[in-house]
Each structure stands twice: as C-alpha cells, then as structure tokens.
Amino acid sequence: MRKTIFLVLLALVLPTLVPAPGEARVVRFVVEQTRRVADGKSFGDVGPYERLDGTVYIEVDPRDPLNAAIVNLDKAPKTPKGMVGFSSPFYILKPVDMARGNRKLFYGVNNRGNKLDFAWRTILPQTGTNNNNPLTAADFGDALLLRLGYAYVDAGWQGNVAPGNDRLVPNLPVAVQTDGRPIVARIRVEYADAEGFTRPLEGSPAFRAYDTADMDTAHSTLTVRSTVGGARTPIASDRWAFGRCQKGQESLVPTTADICLFEGFKPDRIYELLYQAKNPIVMGLGYVVTRDVGSFLRYQGRDDAGNPNPLALDRDNVGIRRAYGSGISSTGMYMRDWLYLGFNEDEAHRKVFDAVQIIIPGTHRLLANVEFSDPNTYSREDIWHDSLSFSYPPLTFATTKDPISGIRDGILKRPATDPLVFQIDSANEFWQMNASLNVHDGEGRPVPLPDNVRLYFASSFQHGGVAGLLNPPRPAGICQNPTQGNGWPPTLRALLMNLDDWADRGIEPPKSNYPLLADKTLVSLDGARAAFPAIPGVKFPSTINDLTLPNFGSLFQSTGGRLGQLPPTPGGRYQLFVPLPDRDGLDVAGIRSVEVAAPTSTLTGWNLRASGHREADLCALSGSVIPFAKTKAARQASGDPRPSLEERYGDQAGFTKAVEEATRKLVKERFLLQEDAARYIQAASESEGSFTGR
C-alpha cells in the first residue's frame, strides 16, 4: 500500500521537475566567441563589457496551444519526437562581472537582421561606427545602456534575410506538402525607384527571394503603372524573363530568383509581378525566437545539453530580475504582432518581458505569420500601398470593435502576461502608417487606452530621426526638401528611464502625450493644409497613405494565414487624421524636443518626391527641413511668413538662452535626461555659424 502511494505521488511530482517532452524550448545555447569590447574600457561602476556571439537551437511542439497560431508549423519537417527544430545566431553584450550589472535584460529586436536598436539609445560619433559589428569604443559612443548595467541581447528572427554585413540570419524551416512536394502559391512583388535591366525577384539583394516554380513567363503577370493608384499596363510575356541580365536581353542568364526586363526599369514607374512561388519559410517561428531566447536568459540556469546561461550569476542564481523588449520601425510592427499573438507568454506560462518599447510603427502590424510573407515590405503611400505589412485590425491595444471590419479584438488581451507598453511615433507615422487610428476608430470616434499603455508623439520628427543641434540635416535625394537626420536618442533615452522606473519601482510615467481629435491637435488633411504657413517654394502634400480594409481572401485573418486574393480587393475606408501644425509649420502636440521648442527650421513628418520620381507622392519615410531666414530683411525679401532667427532670438546668446529654457522644461517633464540637456546647451553655445552665416 505504501509503495502504491509513493508511486502515485512520484507520478504527480515528476512532471513539475522535468520539462515535458513536447515543450517548446531552447535545447542548446552555444556561445562560440567571447570578446572584450571597447578595448576593455570600464563603463561607469559596471566595469568592462564583453560580447558573446553564438547559436541558439530551439525545438517547438506543433501540438502546443501556445504555438497553434503559427502558419504552416504543421507542415515543417519534424524530429523523431514530432518537434520542429531550427536555429538562430545571437549576440549579447554583458558585464564581464554580472554581479556588477543591474540584473536587467534589454532585448533589442533587430531590423531586417541589422543591429540598429542599441544605436537608437546611444549618442554616437557622426562617423566611424559599425552598428552591425560593434567592437570599438566608437561603436558604443556614450553607451548609456552599458553604463546603466544592462545585459543587451538580440537574435535573428527574419527568415528571408540574406547573409552578409554581419546581419543576424536565422535558419527557419521550409514548409512542404504532406507528401513532401513543394508548396506553390501565387505571390506579388512591387518594384519602384528601380533602374537597369535586372532585379532580384524580392526587389533587394539583402533578402532571399521565393524562387519561381514556373519559368514560363506566360504563366505570370508583369504590369507597369505611373502612380500608385494608376492603371496597370501589362508587359508582354516575351519582353521579360526570369533571370539576370546586367546588359539587357543578350546577357540573360536564366535563374529562379531574378527578373530581367528587356527594355529596362524606369525609376518613375511602379512594376508589379505576380508569379508562382515555391518553398514558403515558416516565418511565424521568428516570433518564437524572441520568446524562447528571452525566456531562457531570464529564467533558465542552463540548457538541455548543460551549457550555462551566460547571464546567470551562478548555477543556482539566474541573475536577471527584469527583462525589457524593444522594436523599431518594422520591428515595432513585429512587437505589436508579437504581443497580439501571445508570445509574451513562454511555454511555462511566465511573462517574458515586463515592459516593451514600441517605436514608430503607427498602427501597422508586421503580419509575418503569413504563408510566403515578406517582412521587408510594408504599406506606405508611394509603394507597397496595399501589401503586407499594413494596418489590419485589431489596431488598438484595448479590446474594441472596429467599425469598418466588424472585428472585435485588441493587441493586449492577456492580463496575466501582458507587459507595460510605451509606443512612440513620429509625425511621419500619421502620414504613412495610419497612426491616428491608435486613438480613434475608422469612423472618427475616440478609443480607450489601457492603464498599462502610454502613447507618446515625437512632434515634427520624420520616421528615422530629426535634424537640429545634435544631428545635421541630410540631402534631399529623390525628395523635394532636405531630409532630417538619423535617430533621436535623447527622447528615447529619457523614455527608457521612465519605462524602467514604471516596471521596476512602480513610479508612474508621464501621461500619454499624443495628438487627439478631442483637443483639435489631430485634423483632416485639409485642416493641416489650411494651418500650414505659405512658405515660398514649398508644396504641401495632397495625399496621405489612406487605408481601406483589404480582402486578401477567405484564408487570411487577423492572426495571419494565406493570401488567396492578389491584389486584394478594397473594402470599407477608414477616416484618418494628421497632426495640426502651428504658424511655423511645426506640430502642436506631443513631446516638443529642443529642435521643436527652440527651432531653427520648420521640421515636418512629410516630404514630397522630386520631379522625375512621381512628384505627387509622399517621399518614403522622410520628413522635411525648411530653414528659417537668418534676418528679417532676408525673410521679407523672400516673402517668408515665418519669423527669422534674428527676430526670434536676436543673436547666438538669445538662442542659447532659448535652448536652456527648452531643456529645463523637458527635463522637468521627464522627456530629457540632464546629461543630454547639457549636450544641447553646449551645442547651442557653439552654433555661431547659424547666425553669422559662417
């Protein structure tokens, strides 16, 4: 009797001690190279850092409900135990002595394999840095994250990234039919701003194309049009081919991964190819990489093979007490999807990240969990307008009913595992990524914001940065106006500190600071045009990236699926709004950084394409820099209604005083760190050339 009771108790206890055979998890975490960074420099009280590079091996159970949403997971090759195995490279920046760190993990999800996230919170030299292979002191700049003691982590997730340039490229499986034959489906690719005779099928050599399953061009469709909404004109099947042809038709080398247009691509045209593709990557497994790597480093002492967690203090003390995630641009869209699909819950039903920063996605979702998905492309007004990734409901963090689709859903709907969320958008996301739908629905009614979410608006910034004292403007390129610079670390650094205070110490962050219809800081396109100053030589946009509910066919839904209708047929139209500009053309709402609070130029979230590049369209993700006149006389001579630098500040000393006042206010509001305020003030005191013309 005692033996029977013992066996029953043992049967009950063992499952809690041993991972279930079907559990999705990291099975091996292999560090292959360890190097000191920054020549062994000590970062504050934390000491020197080292960089670890290696490979993580993961197994996923297709039968686990946590993985049920992954498209084609059931069609991936299996291990003898019925698991789907795959691997991915990772890199880690960690204190040499983990006990001197802050015991917090910061997971910066890479953008198209590129290690961009770290640089967005770092004041870097203007030149001489390598974001994808950070090793030297210059690569780490002022290294705020390292000075604070974070362990910084990233691992490859996007399965169609091509190797090269130190990108993080995972080895995700390809789905096949049950009898082993390739899966084949019709897919669509757009080419714009293209020149020459040949292109990779995917459009860029930085990504792997889905090979064509049929080399006969008569079975595919290639069209050309002059505008996004223009009529598609078919190109005869004997005027193009699958292959490379650097010098035209006579140099054609047939391939399954390239396209050759015999007459050559024209940069002011948009080309669309529909073809039969084969071998879809199980792209949804990319979400698993972030989940399982983050969970392993946070909770596990060692992997199944006995390899230690490199962030553990010792065998019995994992060491990480807080974990934060971040995504920027396409990986901001990724993070919205990642949360919606439930990947912040690991296989043991624990929270992976306590808090996340989601940066510049608008209301776009990546929608990588689609058969033959291409997470490189995204919807904007001037290209890929009705393709993935785009704004598809649910658009809001709270569970709401979308009046256009009728879908009732929300990005955050799992209170036990949902993290704290900061989403930060620039002005460009209102023009190109439907950001106004974060705060109102498709019929213009306000939508609620959960208590665990804050929305912040970087007033007047472009998608990738801002121009000003710490960041010079960039040439216009194919745009009509000079563009803004890359990155905006000062704002993001301050917000990171607020997010950490909220997650770690329970200190409430600043209230959401985002344009709204209720206070009239969100307006229609016509309303924005009426408020914008009449600056000589500057055209105001006539359009934004509109949104109609696309019909991709019955096999596509909010969680992903398959694209049966290409191009999609349009459904109901969403009402969209943009930020209200002031008399200088600067956005009224949001975090008005030093560049906006003490301006030397009009900064906008929009720019227009130049002549010869479809000039009626918005210019990609670029904003504009439109400098103020230096003197009153120059302003009057040109007819510019905006006060000159002379009228605003008098001289350099007046400008420096204005910068000091702006930084003081921003520091008080907790939107600027004191050390960064000092940087702005120093830059202002050295800005004599702005007033003298030198």
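The values are calculated or read from the model by the stated rules, or taken from the named source; none is laboratory data. If you're wondering where the values come from, they're calculated on a predicted model, not measured in any experiment. Backbone-built Cβ (ideal geometry, glycine too); neighbour counts: all protein chains shown. In case anyone asks, the SASA skips ligands and DNA or RNA and just uses the protein heavy atoms, side chains included. Shrake-Rupley method; radii C 1.70, N 1.55, O 1.52, S 1.80 Å.
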Can you give the convex hull volume per residue for the Cα atoms of the stretch 133-196, as a whole number of Å³?
-> 214
Size of charge dipole - the chain - debye, nearest 20, with Cβ of Lys, Arg +1 and Asp, Glu -1, no other charges = 740
For Leu555, tell me the accessible area in Å² from a 1.4 Å probe, rounded to the nearest 10.
-> 110
For the stretch 192-285, the percent of all C-alpha pairs falling in each 5 Å bin, from 0 up to the bin holding the max distance, is 3, 14, 24, 26, 19, 9, 4, 1, 0
Solvent-accessible surface (1.4 angstrom probe) belonging to Ser638, in square angstrom, nearest 10 = 60
Where only alpha carbons of the stretch 263-338 are counted, the Rg and the Dmax (Å) | 20.6, 66
Which whole-percent values make up P(r) of the stretch 488-644 when all C-alpha to C-alpha distances are grouped in 10 Å steps starting at zero?
-> 9, 26, 28, 23, 11, 3, 0
Would you kindly compute the Cα radius of gyration of the stretch 235-306 and its largest Cα-Cα separation (Dmax), both in Å?
-> 21.9, 61
Among the lysines, which have Cα under 16 Å from the Cα of Lys75 when same-chain residues fewer than 8 positions away are ignored?
-> Lys278
Amide hydrogen neighbours beyond the local backbone of Gly487, cut-off 5 Å, H modeled | Gly465, Val466
What length, rounded to one decimal in nm, is gained on full extension from Glu615 through to Ala68, with 0.36 nm per residue of separation minus their alpha-carbon distance?
-> 192.4 nm
At q = 0.10, 0.11, 0.12, 0.16 1/Å the base-10 log of I(q)/I(0) from the Debye formula over the alpha-carbon atoms of the stretch 380-538 is -0.46, -0.55, -0.66, -1.14
Round to a whole angstrom and tell me the spacing of the C-alpha centers of the stretch 132-183 and the stretch 413-467.
-> 26
Among the aspartates and glutamates, which have Cα under 16 Å from the Cα of Lys632 when same-chain residues fewer than 8 positions away are ignored?
-> Asp584, Asp640, Glu646, Glu647, Asp651
The chain - Rg and Dmax from Cα coordinates, angstrom = 26.1, 103
Using +1 at the Cβ of each Lys and Arg and -1 at the Cβ of each Asp and Glu in the stretch 282-437, identify which of Met335, Val318, Ile360 lies farthest towards the dipole's positive end.
-> Val318
Note to self, the chain gives a 222 nm [θ] from helices alone (DSSP H runs n ≥ 4, -39500 (n - 2.57) apiece, / all residues, nearest 500) of -5500 deg cm²/dmol
Which of Lys351/Lys511; Lys41/Lys668; Lys351/Lys401; Lys401/Lys511; Lys78/Lys401; Lys115/Lys668 exceed 30 Å between C-alpha atoms? The answer is Lys41/Lys668; Lys78/Lys401; Lys115/Lys668
